[in-house]
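Report on the following structure.
The values are calculated or read from the model by the stated rules, or taken from the named source; none is laboratory data. Quantities reported herein were computed from a predicted structural model and do not represent experimental measurements. A quick note on method: Cβ atoms are made from the backbone with ideal geometry, for glycine too, and the neighbour counts reach across all protein chains shown.
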Amino acid sequence: MRTGSQMLVGLAVLAAACSNETVSPSSSSEGEQAKSLQPVALDLSTQSIAASCSGCHSSQMNSALPALDSYSGTDLETRFLAYRNQSEGTTVMHRIARGYTPEQIHEISVYLSEDSDD
Amino acid sequence: MTKTISRRDIMILGAATGLLGLTPFASHAASKARIVIIGGGFGGATAARTLKQLLPDTQVTLVEPNPVFTACPFSNLVIGGLRDIEEQEFGYEGIQKLGVQIVAQTAEGVDPQSRTVTLSDDSTLAYDRLILSPGISFRWNALEGYDESAPERLPHAWKAGQQTLLLRDQLQAMEDGGVVVMTIPPAPFRCPPGPYERASVIANYLKTEKPTSKLIMLDSNARFSKMPLFQEAWAEHYPDHLEWRSPSEDGRVSRVSASELTAYTDFEDIKADVMNVIPPQKAGTIAEVAGVTDATGWCPINATTFESTLQQSIHVIGDATIASPMPKSAFSANLQGKLCAYTVASLISDQPVSPTTLANTCYSFITPETAISVVGVYRNDDGQFSNVDGAGGISPLAASATIREQEAREARSWFKTITNEAFG
């Protein structure tokens, strides 16, 4: 992923999150948090590209604008891509989705669904 | 946990921080940094909230003299008698609870060399990074006859609050058969579709409550935001209650008189019963004081970092910026507030900032239950904003009422989201 890899190189910082648990990039394949003081990649590029979404979408379920964190990443990506690829579509989301690449749509969808795990 | 941890997962390990989904991080440099934000509107309030969630150990100060913010989006509905002003009002308690220090003073000076802000009580605030979200100010007398005292008689209602209520009350007090005049300055101004939404809502009020009255729009612009959609709606809903005059139709106003309630064009003196003057605008006053405005009166910025191109360590967001093709909208200000917070967090942690893709959505009401929209998608590579080709655009023309009603529902949901994003 273009922007992701750029940021991983660039944004390695010492994270001191509230849990005091950090992981180094090399431990990511282990699938669990590792207590460590190694530099952590802080990928604000993904947060940045997803930042536009929260201008309209919140977690409120009774909204005319769906709560994105109620969808799985795969479901979000499928829907987002469908908006992008329906050339006759005229809704706000059709007009927005055409501005994003499939790679960006994947990145945003995975990120927003990850948020829903928190 | 069923999925394997990807590289992206790393950034969300640690504390979850609520709706914004941000990950706090800190470095030694970041925790000692002092960040000052001037202006508690959609841009500044969002930047303050986002920064504090991202950097819980960093001192984040928001300078805002007003205890209550009155939102401009949806304030046209208040003018049209369709909404209470209370629904437009937001306090800073939510931001304060996060740990942002609120300083209820007016920022009167900025010294970029010593990196200090002087407040109205003569105290000073030191900063490492300053974010200005100053909104707009009016160019008094740029339209002859429209000075600081004129809004009492000729409300602008372009900053929401008492002015919004004054225009509403004048419309309600007007006799049926009256003439309402709205003057529109040359672009750029805050909320490009705002005058035309307001015209729609006022025309709706006249049609409903004062059916022999009429609104005359005197426009300095030949083209405007969502123009074909507004014109379609006006022809359908308000043919007898709204007249739009372009510059070529003698729409350009050269002078107004508060005492005579008259707008003067090249060829005509138009007497009004109620006159709404949308004044020529520039960046909020503190921007000029800080030296971040250029000859246009607006603020040139590096679009990737939101840093002023004129002063180091000062970032500018929202309506005050030169960000075209991004419009001067609440959505833009909110998004720029988030992105500027990420930028400042990165810079004080000695991390680079990457360009991204940005979107904007603006809804406008054309009747109480129907709305239209415009969307843009942008990039901010190499310090410049640009449109993403093939994306964006306006609602379909000749659409069904169902589509227009759906966009009105979306607009109402958007307002709830965007105000919650900014104020909590």
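Residue-by-condition table, conditions (1) under 17 Å from B:S308 (Cα atoms); (2) surrounded by 18 or more Cβ atoms within 10 Å (Cβ to Cβ); (3) over 24 Å from the mean Cα position of the chain (by Cα); (4) not assigned by TED's automatic domain parsing to the domain that holds B:R34:
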position	(1), (2), (3), (4)
B:A104	no, no, no, no
B:G109	yes, no, no, no
B:T116	yes, no, yes, no
B:S120	no, no, yes, no
B:T124	no, no, yes, no
B:D128	yes, yes, yes, no
B:P134	yes, yes, no, no
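With respect to B:L98, determine if the residue is out of contact with any helix residue (DSSP H, G or I) (no Cβ under 8 Å at 6 or more places or on another chain), touching a residue at least 60 places away in the same chain (Cβ under 8 Å) and outside the structural domain of B:K159 (by TED's automatic domain parsing).
So B:L98 does not fit the description; no.
Could you please find all residues in the range B:302-351 being under 16 Å from B:Q53 (Cβ atoms) and in contact with a Phe, Trp or Tyr (Cβ under 8 Å, 6 or more places away or on another chain)?
B:N334, B:G337, B:L339, B:C340, B:T343, B:A345, B:S349
Take the range A:69-89 and flag every residue that is in a helix (DSSP H, G or I) and more than 10 Å from chain B (Cβ to nearest Cβ).
Of everything in the range A:69-89, those that are in a helix (DSSP H, G or I) and more than 10 Å from chain B (Cβ to nearest Cβ) turn out to be A:S70, A:T74, A:D75, A:L76, A:E77, A:T78, A:R79, A:F80, A:L81, A:A82, A:Y83, A:N85.
Could you please let me know if B:A283 is touching a helix residue (DSSP H, G or I) at 6+ places or on another chain (Cβ under 8 Å), crowded, with 24+ Cβ neighbours inside 10 Å and closer than 25 Å to B:S75 by Cα?
yes
Cβ-Cβ below 6 Å, separation at least six or inter-chain, first residue in the range A:44-60 and within 7 Å of chain B (Cβ to nearest Cβ), second in a loop (DSSP other than H, G, I, E, B): which pairs?
A:S45/B:S354; A:S48/B:T356; A:I49/B:T356; A:C56/A:L65; A:H57/A:L65; A:S59/A:A67
Which one is farthest from B:I372 (Cα to Cα), of the residues in the range B:209-230 that are in contact with a Gly (Cβ under 6 Å, 6 or more places away or on another chain) and assigned to a loop (DSSP other than H, G, I, E, B)?
Taking the candidates together, the pick is B:T212.
For the subset of the range B:371-414 comprising residues that are more than 10 Å from chain A (Cβ to nearest Cβ) and touching a residue at least 60 places away in the same chain (Cβ under 8 Å), which member is farthest from A:A50 (Cα to Cα)?
That would be B:A398.
Quick check on my filter: what residues within the range B:392-424 are assigned to a helix (DSSP H, G or I) and at positive phi?
Across the range B:392-424, there are no qualifying residues.
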